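Accompanying notes for the structure given below.
A short reminder: the numbers here are calculations on the coordinates, not readings from a lab. Small disclaimer: the values here were computed from a predicted structure and weren't measured. Cβ: placed from backbone, ideal geometry, glycine included. Neighbour counts: every protein chain shown.
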Amino acid sequence: MIVEALRREKVDCVFGYPGGAVIPIFDALYDARDIRVVLTRHEQAAVHAADGYARVTGKVGVCIATSGPGATNTVTGLATARFDSVPLVCITGQVSREMIGNDAFQEADTVGITQPVTKHNYLVGRREALAETLRKSFFLAANGRPGPIVVDVPKDVQNEGYEDSYPEEVLIRGYKPVGKADPKVLQALAETLRKAERPLFFVGGGVVIANATQRFRRLFSATGVPVVTSLMGIGVVDSRHPLNLGMLGMHGSITANKALTACDLLVGLGVRFDDRATGETRRFAPSAIKVHVDIDPSSIGRNIGVDIPIVGDLRHVLEDLEPLIDKSHNAKKYRPWLDEIEEFRRTEEKFARESKSNLEFAAANSGEEQYPSPRQTLEALSLIFPDSVVATEVGQNQMWAAQYLSFTQPRRWLTSGGLGAMGYGFPAGLGAQAVDPEKPVLVVAGDGSFQMNIQELATCVQEGLPVIVVILNNGYLGMVRQWQELFYRRRYSATCLQSQAWCARSCNSPGTHCPPYMPDFAAIAKAYGALGFRAETLTELKAAANEAARLAVATRRPAVIDCRIHREANVWPIVAPGKGNDQMLYEGVSV
């Protein structure tokens, strides 16, 4: 029945790791040649891979893990999917029913453990309930606010024969996701937008999840209202569009944060108003009327008080809002506002110019080689891999990628937004690559986070997945080190990845005295059968990236490029903890 359910739900690829409690499932998949089974090397990676597959396709991702440690290893991936509203069904094995509660070998309370990090979960206690449970699980994963569902199936239930069929209809008492919004509140939004002089759209991942990008782009074009995005909203509007002001928040653009502070109307679409986006909430868009549109009523007003709450599916909300919008006067009416924004942009460009010279000066005076800056690295990759799917790890590499890569379409930006899970990017890229093996997926990683799921190189090699990993290697757990530099008096505690037992405990000045870096990522890649490259200059990076792009697809092998960057490069700007988005710092200078 499980294989039949996968077929009926049009699942063509599952990610998993077998074990004693799921042997019957994998035995059935042995004959299911229409369903690709990707054997990952860790259950966490299987969930992240299913997550990446789901984000790229918009379909429900599926992963399978065994009982006990197999199931507990899925928790980080499930929490990531829950935070970022990714539709997943995770099927786990469980010990036989008569053994549950007896501390049997590889038994764990999977339902209890995963309940806080899933949208819903089930323990299938009767074989006759299996088909209905699976049907409900796929429905719940994809409808309303999407999220991960766990289906825990005891081994004896898997082995029990039963003549049943997969249900066509789904009836879940009390679960009725909202579709259309109240017409009165949509009219209020249209009227408020008509009166506003400095309006701003705040676009989040909910627009992508709802497949509402094209509808939003029509509204955006009709109104001429500038846009800021959350981390998850990248790609809804072309990064290069002059009215896309960039990402807001802790590491958002100067233009976005200044516009946020100055706007008189902020329309949040599919956003959570999380703390990294808002900063100190009392200073968040202080002069603005705030509108929040979301399918999840529990998200509205949770972090930021709003003046116009709108509960509804964004596809329907934007479709119903479009005819209410006055399209006759936007360009002329907003001219003073756009001129003000242009001043913000000039300020941002000034800081960027000065930052580049400061970075070169710091490198030249530290005795280190002149490694490429993160901006140079990411902008070069953006040209070599235009319109590629990009997955990131978490930390400085993630923020630099968000700041400097360009995206023209949604579903090409994969990152762990809410949970911030290191180890996400590589397996998520693997899952995305399984969708289209002809065009390499780019993974931007840090040297710390890549090592959390480095074993998935074996999966990529054996599955013929030409994922290209570029490691921004600074020899540190970079984001934590940056905070130690800025807020903890440069006390670099347990963040240097080059330190060895004989290094001075108080060392906080990297340079020529440092021991050699380990591991050798290029050598590790080659040991797995992948392609391995090193780059210490921008010229070497470009050559390695072009060669990797050519060879990875031609040989169906992944590639790892170990790119050294300046060891103490920081992410700028930054909104310090407890500060408002109007209190940005850029290299220690107030913006």
Original post:
With r defined as the distance between the Cβ atoms of ARG505 and VAL589 and R0 fixed at 25 Å, what FRET efficiency is calculated, to the nearest 0.05?
Top reply: 0.20
Original post:
Say R0 is 30 Å: what FRET efficiency, to the nearest 0.05, do LEU324 and VAL553 get from their beta-carbon distance?
Top reply: 0.05
Original post:
For region 457-591, what's the radius of gyration and Dmax over Cα atoms, in angstrom?
Top reply: 18.3, 51
**OP:** Just check region 1-127 against the gyration tensor rule for me: Cα atoms, a ≥ b ≥ c as the square roots of the eigenvalues, rounded for a/c under 1.5, and otherwise prolate or oblate depending on whether a/b exceeds b/c.
**Re:** oblate
Original post:
Going by how many other beta carbons lie within 10 Å of each one, how would you line up TRP572, TRP400, TRP502, fewest first?
Top reply: TRP502, TRP572, TRP400
Original post:
Shape call for the chain from the C-alpha gyration tensor, a ≥ b ≥ c root eigenvalues: rounded (a/c under 1.5), prolate (a/b greater than b/c) or oblate?
Top reply: oblate
Original post:
Using the count of nearby Cβ atoms within 10 Å as a rough guide to exposure, how do SER406, SER298, SER493, SER373 rank from fewest to most?
Top reply: SER298, SER493, SER406, SER373
Original post:
Using the Cα gyration tensor of region 183-342, with a ≥ b ≥ c the square roots of its eigenvalues, what is the shape: rounded (a/c below 1.5), prolate (a/b larger than b/c) or oblate (neither)?
Top reply: rounded
Subject >> Simple Cβ-charge dipole of region 183-342, Lys/Arg +1 and Asp/Glu -1, about Cα centre, in debye nearest 20 >> reply: 200
Subject >> region 193-231 versus region 263-316: alpha-carbon centroid distance in Å >> reply: 13
Subject >> Among 441-450, 340-349, 67-76, the order from most to least packed when residues are scored by Cβ within 10 Å on average >> reply: 441-450, 67-76, 340-349
Original post:
For region 183-342, what is the relative contact order in percent, using Cα pairs closer than 8 Å and at least 6 residues apart in sequence?
Top reply: 28
**OP:** Would you list which aspartates and glutamates come within 15 Å of LYS439, measuring only between C-alpha atoms, while excluding same-chain residues fewer than 8 positions from it?
**Re:** ASP387, GLU463, GLU547
Original post:
Whose amide H sits under 5 Å from the amide H of HIS120, counting only residues 5 or more places off or on another chain, with H placed in the peptide plane?
Top reply: VAL150
Subject >> Given charges at Cβ of Lys, Arg, Asp, Glu: the chain dipole, positive-most of LEU531, ALA554, ALA222 >> reply: ALA222
**OP:** May I ask you to compute the full-extension gain from ALA188 to GLU438, defined as 0.36 nm times their residue separation minus their alpha-carbon distance, rounded to one decimal in nm?
**Re:** 85.2 nm
Subject >> Residues of type lysines that LYS332 reaches as a straight line, Cα spacing below 23 Å, ignoring anything fewer than 8 places off in the same chain >> reply: LYS195, LYS258
Original post:
If the cut-off is 21 Å between C-alpha atoms, which lysines fall inside it for LYS119, apart from same-chain ones fewer than 8 positions away?
Top reply: LYS59, LYS136, LYS176
